[in-house]
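Right, one structure below, let's go through it.
The values are calculated or read from the model by the stated rules, or taken from the named source; none is laboratory data. What you see is a predicted model; the values in this text were computed from it and never measured. Ideal geometry is used to build each Cβ from the backbone, glycine not excepted, and the neighbour counts take in all protein chains shown. Side chains included, ligands, DNA and RNA excluded: accessible areas come from the protein's heavy atoms. Shrake-Rupley method; radii C 1.70, N 1.55, O 1.52, S 1.80 Å.
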Amino acid sequence: METIIQTTNLTKFYGKNRGISDVNITVRKGDIFGFLGPNGAGKSTTIRTLLDFIRPTGGSATIFGLDCQKESLAIRRRVGYIPAEANLYGHMTGWKYLEYLGGIRGRYDPESAHKYAERFGIRLDRRMREYSSGMRQKVIIIQALMSDPDLVIMDEPTKGLDPLVQQTFMDVIREEAARGKTIFMSSHVLSEVEKVCNRVAIIRNGLIVAEEDMESLKRKSGKVIEVKFRGAKPEPFIVAGAGNVAKLDGYYKMTATGDIRSVLRDLAAFDVEDVNIHPMTLDDIFMQYYAAGGK
Ligand SMILES: Nc1ncnc2c1ncn2[C@@H]1O[C@H](COP(=O)(O)OP(=O)(O)OP(=O)(O)O)[C@@H](O)[C@H]1O
Ligand SMILES: [Mg+2]
């Protein structure tokens, strides 16, 4: 599969402060790639370096095989971008704003802008400063998609969108990917990433701690087991391959990655009133990666 984004030991220090260090990720054509991490992890730093808004202090990156620093203009012509914080021209109407940005990029298709506006249910004849934050975010999403980019890089694109619009957004993203477009998005909304992304990377304190296909990440991550005892919790309470026992609503909750037969065998030795076993969700996995706390 064709490689769209490739970073090689990409590093950015802000003075002595680590933004990101030795980031290696590969995004392939047609991927919906989720970039996850807590506040201050380095998501925006990575994205801004890819688009040459800031310069790396080490390593390199390519998009479409072009160098992100030396050939950034050629890259930007083919990339749609949703920044974490957009520079808004409050006095312009939505239309004017799109026209203005389209003029700069030279690949503006009013027809397409109109189509997305309809899809997201937003009128474009109002001034940017009069929109609610969710409405503004819709306009920003439209500007990223309207010029039919080969790659869309989005820094927390669903910020401020209500659940219904988030759903529309995910539908649109899936359709774009099905047409061979590539999507790279940072997010805090784990359920959304879990639903829509086929591949994810998790960044923490500027370091990539996981990069995997969504399916294999889930498969490898084991089961969540919730046990309720008839009496008090037996001591010692040890279940094969399980760690981190926490109490929640009368149930003892743990995650187990070992052989499920050993887990069942160990559980059978206790006076168990009820047990739930289910696969870890991305939420559970994410929490496991961050159990030690954010930065
Ligand atoms: N302009 C800057 N000057 C100094 N340090 C910065 C600057 N921008 C970011 N950093 C630092 O780099 C690290 C990564 O920040 P970054 O904005 O990339 O995180 P993020 O993952 O996008 O977080 P969030 O989820 O809050 O948007 C943080 O420690 C932050 O303090
Ligand atoms: Mg950010």
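Brief remarks follow.
- Of all residues in the range 215-233, those satisfying the criterion of being free of Cβ contacts under 8 Å to residues at least 60 places away in the same chain and not in a loop (DSSP other than H, G, I, E, B) are Glu215, Ser216, Arg219, Lys220, Lys223, Ile225, Glu226, Val227, Lys228, Phe229.
- Among all positions in the range 184-192, there is at least one residue which is modelled with pLDDT of 95 or more, among the aliphatic types (A, V, I, L, M), in the same structural domain as Asp155 (by TED's automatic domain parsing) and closer than 25 Å to Ile20 by Cα.
- Some residue of the range 142-159 being more than 21 Å from Ile183 (Cα to Cα), in the same structural domain as Cys197 (by TED's automatic domain parsing), modelled with pLDDT of 95 or more and acidic (Asp, Glu): no
- A search for C-beta distances below 9 Å between a residue of the range 191-208 that is touching a residue at least 12 places away in the same chain (Cβ under 8 Å) and any residue that is basic (Lys, Arg) and within 16 Å of ligand 2 (Cβ to nearest atom), counting only pairs 6+ apart in sequence or on different chains, returns Ile203/Lys43; Arg204/Lys295; Asn205/Arg18; Asn205/Lys295; Gly206/Lys12; Gly206/Arg18; Gly206/Lys295; Leu207/Arg18.
- Residue within the range 172-182 that is part of a loop (DSSP other than H, G, I, E, B), farther than 18 Å from Leu51 by Cα and open to solvent by 60 Å² or more (accessible area, probe 1.4 Å) present: yes
- Checking Asp125 against (1) more than 16 Å from ligand 1 (Cβ to nearest atom); (2) closer than 21 Å to Glu192 by Cβ; (3) open to solvent by 60 Å² or more (accessible area, probe 1.4 Å), the condition it does not meet: (2)
- Among the candidates Glu212, Glu226, the residue that is among the acidic types (Asp, Glu), touching a helix residue (DSSP H, G or I) at 6+ places or on another chain (Cβ under 9 Å) and open to solvent by less than 50 Å² (accessible area, probe 1.4 Å) is uniquely Glu212.
- When Ala84 is tested against the conditions (1) more than 20 Å from Thr158 (Cα to Cα); (2) hydrophobic (A, V, I, L, M, F, W, C); (3) within 22 Å of the chain's Cα centre (by Cα), the lone failure is (1).
- Lone qualifier among Gln137, Gln166 - being open to solvent by less than 60 Å² (accessible area, probe 1.4 Å), within 16 Å of ligand 2 (Cβ to nearest atom) and part of a helix (DSSP H, G or I): Gln137
- Pairs with Cβ under 7 Å, 6+ apart, first in the range 106-122 and open to solvent by less than 60 Å² (accessible area, probe 1.4 Å), second among the hydroxyl-bearing types (Ser, Thr, Tyr) and outside any loop (DSSP other than H, G, I, E, B): Phe120/Thr168
- Residue match in the range 237-258 (condition: open to solvent by less than 30 Å² (accessible area, probe 1.4 Å), modelled with pLDDT under 90 and either in a helix (DSSP H, G or I) or under 30 Å from Leu151 (Cβ atoms) (or both)): no
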